[in-house]
1. With r as the distance between the Cβ atoms of Asn65 and Asp221 and R0 = 56 Å, compute the FRET efficiency 1/(1 + (r/R0)^6) and round to 0.05.
2. Helix-only estimate, please: 222 nm mean residue ellipticity of the chain, summing -39500 (n - 2.57) across DSSP H runs of length 4 or more and dividing by its residues, to the nearest 500.
3. So how compact is the chain: Cα radius of gyration and Dmax in angstrom?
4. Enumerate the whole-percent occupancy of each 5 Å bin, from 0 to the last occupied one, for all C-alpha pair distances of segment 130-252.
5. Run the numbers for Gln142 and Asn237: contour at 0.36 nm per residue of separation, minus the present Cα-Cα distance, in nm.
6. Quote the convex hull volume per residue of segment 67-148, based on C-alpha atoms, as a whole number of Å³.
7. List, in order, the whole-Hz ³J(HN,Hα) value for each residue of segment 67-78 obtained from phi through the Karplus relation with A = 6.51, B = -1.76, C = 1.60 and θ = phi - 60°; use x for Gly and Pro.
8. Nearest 0.05, what FRET efficiency do Asp291 and Glu255 give at R0 = 51 Å with Cβ-Cβ as r?
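The values are calculated or read from the model by the stated rules, or taken from the named source; none is laboratory data. From a predicted model like this one, the values you see are computed outputs, not experimental measurements. All Cβ positions, glycine included, derive from the backbone under ideal geometry; neighbour counts span all protein chains shown. We work out accessible area using only protein heavy atoms, side chains counted, and drop any ligands, DNA or RNA first. Shrake-Rupley method; radii C 1.70, N 1.55, O 1.52, S 1.80 Å.
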Amino acid sequence: MENISELDKNNCTGCRMCEQICPVKAIEFVENEEGFIEPKVNEKKCINCGLCFKRCPQLNDIKNNRLDEIKVYAAKNKNAEEQKESSSGGIFSILANYVLENNGIVYGCAFNSNLVAEQIAIKSKEELYKLRGSKYVQSNTQNTFTEAKKDLDNNKLVLYSGTPCQIAGLKAFLDKDYENLITIDLVCHGVPSPKLWKKQLEELERKTKKKIKKIKFRDKDSHNWEDYGFSIVWEDNTNTYIPSGYSPYIKSFLEGKICRECCYRCKYSKEERMGDITVADYWGIEKEYPDFYDKNGVSAVIINTKKGESIFKEINCKINYINTKLDSVRKYNINLNHPTIRPQIRKDVYKNIDNKKFIKYIKNDLKYKKKLKDQIKNLIPSKIRQHIKHRLK
């Protein structure tokens, strides 16, 4: 009988489903040389049941009870504060609040105290801030599939939000459709290495000789929602904004250089989605529906299942939305059409991550350098830059 150790590790998404489904706990996840986690089987414990192999979502297609005709919206949270605290239109917050108001539990991605991205559960609105906003690094699902199953079996309403491969992993683990489970999948560009993310943070702390307290991607207090930079709050409570062009990590991520190998052949980068609801940035909204553009962000919301349709009807009174077409969303979200293209540089991009000082690594291996246009752009205040951009469009 085959087990997960005999499979191509480059095909693994790191969802940890196999580890949690193993009846004898013979599988653990360990960090590989690139900083991604992958399964390791304890052959002495393994009973060759093959369950990991039979359930792996990368080897088996996970079904979603898709609507015959999906529904697609451009959407914005009516609560301006929640919208501003979110990466795009703030729709996740409305869904999460609905579940929490019904004594439910919400699972999503948060940074822990060491700025490591992890899937966690929250049970109150006071904790919701932890899950808001993008985290451009692979999150560790930890034991959340097991915990979500316990909650579901206890008849709790559960919302689980994650990348489509994480949602597929959860569904493979559960192996049945729970009426009290709502899933949200994100349109994902690919996941970079947690090791590389950690090394960038260490370099920032080395240069400033200060400890990082908090990170916020696409901080709307500092810049427009369309900017991929991030804000840093230091231990002395001072703030620094790092524009995307000034971050070797973010720039390499946007160029597709540093994704996990499986991301370049992602089986979920298509129209058919894993979640009851798919949420994405509505890139190109200013071209498709200029009157609906909002400086604080607009979400694309794709309703994939009857359950998703039912939930949307429950919450739509809290949303400003208009009907749109999937083709309009796909036009600017390439990962609804195909996976991120693997550049030639990806072959060796992580090869020297542990062998060189970070400053040399980013120059020689990531091939990073500040472009003149990025330097000029950074000199122009964000509000003026966005005004010029939209006038030109």
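1. After rounding, the FRET efficiency stands at 0.90.
2. Value at 222 nm, helices only, nearest 500: -8000 deg cm²/dmol.
3. Expressed in Å, the Cα Rg and Dmax of the chain come to 20.8, 66.
4. 2, 9, 17, 19, 15, 12, 10, 10, 5, 1, 0
5. 31.2 nm
6. 141
7. 5, 4, 9, 5, 10, 10, 9, 8, 9, 9, 5, 5
8. 0.95
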